[in-house]
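J.: Below you will find the structure I want to go over with you.
Readers should treat all values here as calculations from the given coordinates under stated rules, not as data from a laboratory. Model, not experiment: these values are computed from the prediction. Cβ atoms come from the backbone with ideal geometry, glycine included; neighbour counts cover every protein chain shown.
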Amino acid sequence: MLRIENLRASVDGKEILKGLSLEVPAGEVHAIMGPNGAGKSTLSYVLTGRAGYEVTAGTATLDGEDLLALAPDERAARGVFLSFQYPLEIPGVPALTFLRTALNAQRRARGEAEITAPEFLKLARAKAAALKIDFDMLKRALNVGFSGGEKKRMEILQMAMLSPRFLILDETDSGLDIDALRIVSEGVNALRSPERAMLMITHYQRLLDYIKPDRVHVLAGGRIVASGGPELAHELEREGYERYEAAA
């Protein structure tokens, strides 16, 4: 599904990604772990088209289509979704309005009919209940005054509503207590399917106890320096990244 080859990218003239290659097949969940400053979040921003991140070499394709040639909204319409480490607050915009606007924008981009108000409300109530989100919370301004756990659950709700094909989870476990982590993880696991792939970015192995990855990759020095099964995450938890940083 996702294929990255020799990707190089810079921010403010400083090269962060230095020849990164990675492949994530449909139906699989891959985890990327690595030290601070290795380029994990930069990779997520490059894939989703955030401004200020300049690709200087390499390719990134989704189902064979050049992802880097598409505008951010076109990537979203193709099914690319980024769950932020620190979800944004949007004062004055109710969460329900945001969700319906985003869903209909993607439907229009794909040439599909917009969802009706009754259909949308029925879908939103069902998905919110599964994530233990009080429906009244969706009437409030998006993420304004929400706790860390509520913000993360709101992002999982967005995933469930938009049903993206390729999910990037940037430190989804950041700031979550055990109960919130369990609920969020259950929401992510419910989205696993043979037609969908996920890329999880995390510092800690604990998230991988809840969302089992098919592959774990170590990102250091701007490139993937090691790959393996879930056992690699346990090794990193025990031994740290020092030897991988040295190799990079």
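J.: Out of the residues in the range 161-176 meeting the condition of being hydrophobic (A, V, I, L, M, F, W, C) and touching a strand residue (DSSP E or B) at 6+ places or on another chain (Cβ under 6 Å), tell me which one is surrounded by the most Cβ atoms within 10 Å (Cβ to Cβ).
T.: Result: L169.
J.: Further question on the same structure: Which residues, counting only those in the range 79-99, are assigned to a helix (DSSP H, G or I), in contact (Cβ under 8 Å) with a residue 24 or more places away in the chain and not aliphatic (A, V, I, L, M)?
T.: Answer for the range 79-99, where residues must be assigned to a helix (DSSP H, G or I), in contact (Cβ under 8 Å) with a residue 24 or more places away in the chain and not aliphatic (A, V, I, L, M): just F98.
J.: Another one. Quick check on M200: is it surrounded by 19 or more Cβ atoms within 10 Å (Cβ to Cβ) and assigned to a strand (DSSP E or B)?
T.: Considered against the rule, which asks whether it is surrounded by 19 or more Cβ atoms within 10 Å (Cβ to Cβ) and assigned to a strand (DSSP E or B), M200 comes out as yes.
J.: Just to be sure, is T56 in contact with a helix residue (DSSP H, G or I) (Cβ under 8 Å, 6 or more places away or on another chain) and surrounded by fewer than 20 Cβ atoms within 10 Å (Cβ to Cβ)?
T.: Here the answer is no, as T56 does not meet what is asked.
J.: Related question: Can you report the number of residues in the range 136-149 which are in a helix (DSSP H, G or I) and either without any contact (Cβ under 8 Å) to a residue 24 or more places away in the chain or hydroxyl-bearing (S, T, Y) (or both)?
T.: 1
J.: Sticking with this structure for a sec: Hey, among V46, V29, V24, which residue is surrounded by 15 or more Cβ atoms within 10 Å (Cβ to Cβ) and in contact with an Asp or Glu (Cβ under 8 Å, 6 or more places away or on another chain)?
T.: Just a single option satisfies the conditions, and that option is V29.
J.: Can I ask one more? Looking at K132, K139, K152, which is the one that is surrounded by fewer than 21 Cβ atoms within 10 Å (Cβ to Cβ) and either under 24 Å from R243 (Cα atoms) or out of contact with any strand residue (DSSP E or B) (no Cβ under 7 Å at 6 or more places or on another chain) (or both)?
T.: Details: K139 fails: either under 24 Å from R243 (Cα atoms) or out of contact with any strand residue (DSSP E or B) (no Cβ under 7 Å at 6 or more places or on another chain) (or both); K152 fails: surrounded by fewer than 21 Cβ atoms within 10 Å (Cβ to Cβ).
After ruling out the rest, the residue left standing is K132.
J.: Sticking with this one: For residues that are touching a residue at least 12 places away in the same chain (Cβ under 8 Å) and either acidic (D, E) or assigned to a helix (DSSP H, G or I) (or both), scanning just the range 106-116, find the one that is nearest to M159 (Cα to Cα).
T.: The extreme case among them is Q106.
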